[in-house]
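First the structure, in the form of structure tokens, and then the observations on it.
The values are calculated or read from the model by the stated rules, or taken from the named source; none is laboratory data. Every value quoted in this text rests on a predicted model; they were computed, and no experiment measured them. Cβ sites come from the backbone with ideal geometry, for glycine too, and all protein chains shown count toward neighbours. Note: areas computed on protein heavy atoms with side chains; ligands, DNA, RNA excluded. Shrake-Rupley method; radii C 1.70, N 1.55, O 1.52, S 1.80 Å.
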Amino acid sequence: MFDSLTDRLEGVFKKIRGHARLTEENVQAALREVRLALLEADVNFKVVKDFVERVRDRAMGQDVLKSLTPGQQVVKIVHDELIELLGGQTTGLDLKARPTAIMMVGLQGSGKTTTSAKLALRLRRELKKKAYLVPADVYRPAAIEQLKKLGSQIDISVHPSTPDQNPVDICAQAMDVAATNGFDVVIFDTAGRLHVDETLMEELAAIKARTSPAEILFVADAMTGQDAVTVAASFNDRLDVSGIVLTKMDGDARGGAALSIKGVTGKPIKFVGMGEKLADLEIFHPDRAASRILGMGDILTLIEKAQTDINAEEAAAMEKKLRKAEFNLEDFRTQMRRVRKLGSLDGILKLIPGMSQVRQKLGEVQMPEKEMARVEAIIGSMTKKERETPKIINPSRRERIAKGSGSTVQDVAQLLKNFTQMQKMMKRMMGAGGKMPAPGKMPRMPKMPGLPGGMPGLPGGDPGEAPPVDPRFARAPGKVTSASKRKKQKRKKGKSR
Ligand SMILES: Nc1nc2c(ncn2[C@@H]2O[C@H](COP(=O)(O)OP(=O)(O)OP(=O)(O)O)[C@@H](O)[C@H]2O)c(=O)[nH]1
Ligand SMILES: [Mg+2]
């Protein structure tokens, strides 16, 4: 998300940071470019106008221009104002009522049903809340079935709505069922229409009047840009929504809806959908998004990703093996899969400060993933014994492995050679009292076949374990995910909602 805007703004700020002194003309020129960049990102023109004015007022202050680092000050002002534009504070859900009713509303295909299931899963994972999913779309054939199917995938109860019932009655009835059965949250998945239409609005208003939901979440497809913003405004006028969920942010490079919707409706974005999978719903943090837009990366999200995806005990066991230099190809594959589970390398790179430019320069960021798949195929064609004791791989085994993985004997030989080198290097490193070197000093893994910059995926580095990272952020996965810390963090998260 925000990719093209980030690219544009990075260019603007590079120029402005280059000046030792700034004049009003420099700032004006930079702001003109910021304005264009925002308009190109499909941000609402009035929002852009206000934004640029606010930045100009602050940046023209004499203390900024006369400061020792005027360029950085201007970037900081833009950063602050972007955070404001995106909603300021992170806004959680109001879950005080028991059961809490959450109503999902929005146009057809915006992602209401998917988001209902994603939210139920999040509530259970993050807050241990028991959610009850309620299909309230009796019009579209198979709409009820769709939610039932999603519910069964994640083992969340779904209300037995039938198409002959009235949606208002369904929701009221579901509230009773939830109350008597100890559910914490009830999620109404309402019907969508192609356009804002009066019949639908009346129905939604009636559900609201009957069930007094604590949250009405307007779900919009981010890729529809300014249309999403206009529709949000009409839904908000009619229903006074409590927050917004922007879906399909994974496919939206411009970010116009995200940057305009709070300014136009006054309502905060609470969640963003980042993919079709049910785990792909993230809390929206305006400060992190602003950092991402300015190419400052989003280390916090990266760390959180690593924490949820990497198991603490596994990581500790791996560290022990490393210390004893007992690391074999089986372990290597496990590590590689772990890195891949974090998401695409490209996605990880985006979260690391300053990496967006590196990404552009690399151009072939897709490459390592292909290579990883190839390495994984080669290792996958080995027997367990071969993976554990690569020494036994003789020429005839090599040939079999090459055939099995659709690669050449040379590829297999190269991988084995690199692996042996890596093992030797580790033995040397671990030799000195078995202590792990400081993360910043961790040598890169030797080149795997065709890999541009060493193989990511070794424990002991940063959580993403892709490119080198500021050592302050580089922690061993085992340390990041100590159980007590995770619990603490969860408690904190719970509070901030
Ligand atoms: N890539 C991506 N796809 C998404 C996301 N959220 C939803 N989708 C997809 O969007 C399509 C429509 O989602 P639904 O949840 O059925 O939308 P809806 O609002 O319930 O649609 P109606 O019930 O017809 O009004 C599905 O194919 C989803 O998989 C997201 O965050 N990213
Ligand atoms: Mg639906």
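Quick notes on this one:
- Matching residues, the range 76-115, being part of a loop (DSSP other than H, G, I, E, B) and within 16 Å of ligand 2 (Cβ to nearest atom): 106, 107, 108, 109, 110, 111
- Taking the range 109-135 as the range and being near ligand 1 (Cβ under 10 Å from one of its atoms), more than 14 Å from residue 93 (Cβ to Cβ) and not hydroxyl-bearing (Ser, Thr, Tyr) as the test, the residues that pass are 109, 111, 112, 117, 135.
- In the range 245-253 there is at least one residue matching the filter, namely being modelled with pLDDT under 95, charged (D, E, K, R), more than 27 Å from residue 155 (Cβ to Cβ) and not in a helix (DSSP H, G or I).
- Lone unmet requirement of (1) open to solvent by less than 10 Å² (accessible area, probe 1.4 Å); (2) assigned by TED's automatic domain parsing to the domain that holds residue 240 for residue 108: (1)
- Residue check, residue 38 more than 14 Å from residue 258 (Cα to Cα), open to solvent by less than 40 Å² (accessible area, probe 1.4 Å) and touching a helix residue (DSSP H, G or I) at 6+ places or on another chain (Cβ under 8 Å): no
- Qualifying residue in the range 189-211 (condition: within 13 Å of ligand 2 (Cβ to nearest atom), in contact with an Asp or Glu (Cβ under 9 Å, 6 or more places away or on another chain) and in a helix (DSSP H, G or I)): no
- Residues in the range 135-158 that are within 17 Å of residue 186 (Cα to Cα), outside any helix (DSSP H, G or I) and within 12 Å of ligand 2 (Cβ to nearest atom): 135, 136, 137.
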